[in-house]
Amino acid sequence: MVIILYGGAFNPVHREHVALAKAAVKKFKPDKLIVIPTAVSPHKSGGLAASAGDRFRMCRLAFSGIACAEVSDFEISRGGVSYSYVTCEHFRDLYPGAELYFLMGGDMLASFSSWKEPERILACVTLAAGARESSKELKKSRSEVERMFSVKVERVRYTGEKVSSTCVRALACLGGSVGAYVLPQVGQYIKENKLYFDANLAGAGELEKKSRWAHSMRVAVMCAENAARARLTEHQAITMAALHDVAKNLPKDSPYLKDFVPPEGVPSPVMHQYSGAYVAQRYFGLEDKNLLNAIRYHTSGRAGMSDAEMLLYLCDMLESGRSFEGVEQLREVFSTCDLPRAMLAALEHQIAYLGDGAADIYPLTKQAYLYLKEFLT
């Protein structure tokens, strides 16, 4: 008997989870594909979370099109932190003599050596991995695991598209469409049960033009995917992103700005960062000073920015919808450097652009640049 074990948080299960499973089924032709949602994942925390029951039911919907698939509640029923070595030993004992494969994406394989009791996992199963996005990175991870543990890691011929559960959660939180990332039946389940949804934050979209709100949601996705870099929870990252342009499209006589006192000497393109912080606090109940300051300085920057402030500034500038000259180079810096160095690169680009006569340089922007330049050199 051939069995594939496929564990994960599946929070929520998305198209690439299913595509990887189908590729593994095609390769190994198993008698069973056992999908095992975690109770509590040891590798993931701080994100918006659907209940174990909701994740279990979404997995049943998502994998229903694979004839040999079944969804196990073993880890959910066991409770606590879900360790793969416990699961692998359980299914080895349940199916003695079966040929067991443990399926994972390349991102998880890259961290395998840090898992709890990896040798006990390998005593039960053969690892099988497919590249999530980079076949080059998968090859590197396979070689490292094979060298470190003297085992063979089976490659599943599959290279996925860029999809993350974090992206789905961020969009669902703000009431956005997740249809491009999850199967229809899963998307319907998320919508009907309002999983991850925050009605208060989604209300910010009512104050923005459609195109502006689409931008805000893209910023929210990028902030959520990088929240840990700024020591933020996923919800905090989504919150500051969802509200950062909340006043961008409000007219000066809007009732939302009735008691707002504009700072003196602020150019029009920058003003919405101040009015946005005002609206976020007064009408959306945001009291976190760190997040309010991220909104308050997301266009100009300032000297001594917090990690949250830098993250919002950078995600606002570099979200996937931006297409200005040099954006790809700045995205590369963002993905490979720490936030202060990425921020300095972004400010250098902005100063150069404004210095060409496109607009006057706002004092806070210049101060932010000079501060980081001195700080990092």
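Which value, in debye to the nearest 20, gives the size of the charge dipole of region 108-149 about its Cα centre, when Lys and Arg are +1 and Asp and Glu are -1 at the Cβ?
100
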TODO: For n ≥ 4 DSSP H runs only, could you compute -39500 (n - 2.57) per run for the chain, divide by its residues and tell me the 222 nm figure to the nearest 500?
DONE: -15000 deg cm²/dmol
TODO: Normalise the Debye intensity by I(0) for region 1-143, one equal point scatterer per Cα, no solvent, then take log10 at q = 0.20, 0.21 Å⁻¹ and round to two decimals.
DONE: -1.39, -1.55
- [ ] Taking a cut-off of 13 Å between Cα atoms, list the aspartates and glutamates near Lys32, but don't count ones fewer than 8 places away on the same chain.
- [x] Glu70, Glu99
TODO: Return the lysines within reach of Lys191: Cα separation strictly under 30 angstrom, same-chain partners fewer than 8 residues apart disregarded; answer none if there are no such residues.
DONE: Lys22, Lys44, Lys162, Lys209, Lys210, Lys248
Open item on the list: Give the residue list of GluC sites (Glu not before Pro) in region 315-359 that are DSSP loop and have at most 15 other beta-carbon atoms within 10 angstrom.
Closed with: Glu325
Task: In region 120-203, GluC sites (Glu not before Pro) in a DSSP loop with at most 15 other beta-carbon atoms within 10 Å - done: Glu161
TODO: Go through Leu311, Val40, Met58 and say which Cα lies farthest out towards the positive end of the charge dipole of the chain; charges sit on Cβ, +1 for Lys and Arg, -1 for Asp and Glu.
DONE: Met58
Task: Cα-only Debye scattering, region 293-377: base-10 log of I(q)/I(0) at q = 0.12, 0.13, 0.15, 0.26 Å⁻¹ - done: -0.30, -0.36, -0.48, -1.50
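Apply 1/(1 + (r/R0)^6) to the Cβ-Cβ distance of Ala98 and Lys162, taking R0 = 30 Å, and write down the FRET efficiency to the nearest 0.05.
Values: r = 34 Å, r/R0 = 1.14.
After rounding to 0.05, the efficiency reads 0.30.
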- [ ] Loop only per DSSP, at most 15 neighbouring Cβ atoms within 10 Å: give me the trypsin sites (Lys or Arg not before Pro) in region 193-247, ordered by residue number.
- [x] Lys194, Lys209, Arg231
TODO: With a 1.4 Å probe and every protein chain left in place, work out the accessible area per residue of the chain in Å², rounded to a whole number.
DONE: 48
Task: Global size of region 191-346 as Cα Rg and Dmax, reported in angstrom - done: 15.1, 48
Task: Theoretical gain in end-to-end length, Ile66 to Ser320 [0.36 nm per residue, Cα-Cα removed] - done: 88.1 nm
Task: Estimated inter-spin distance, Ala123 and Val151, nm [label 7 Å along Cα→Cβ] - done: 1.2
Task: Nearest-0.05 FRET efficiency for Ala303 and Arg282, computed from C-beta distance (R0 35 Å) - done: 0.85
Open item on the list: Students often forget the sequence filter, so: which lysines lie under 27 Å Cα-Cα from Lys373 once same-chain residues fewer than 8 apart are removed?
Closed with: Lys289
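The values are calculated or read from the model by the stated rules, or taken from the named source; none is laboratory data. Remember, predicted model here, so these are calculated numbers, not experimental data. Heads up, the Cβs are rebuilt from the backbone with ideal geometry, glycines too, and the neighbour counts pull from every protein chain shown. The area values use the complete protein model at the heavy-atom level, side chains included, leaving out ligands, DNA and RNA. Shrake-Rupley method; radii C 1.70, N 1.55, O 1.52, S 1.80 Å.
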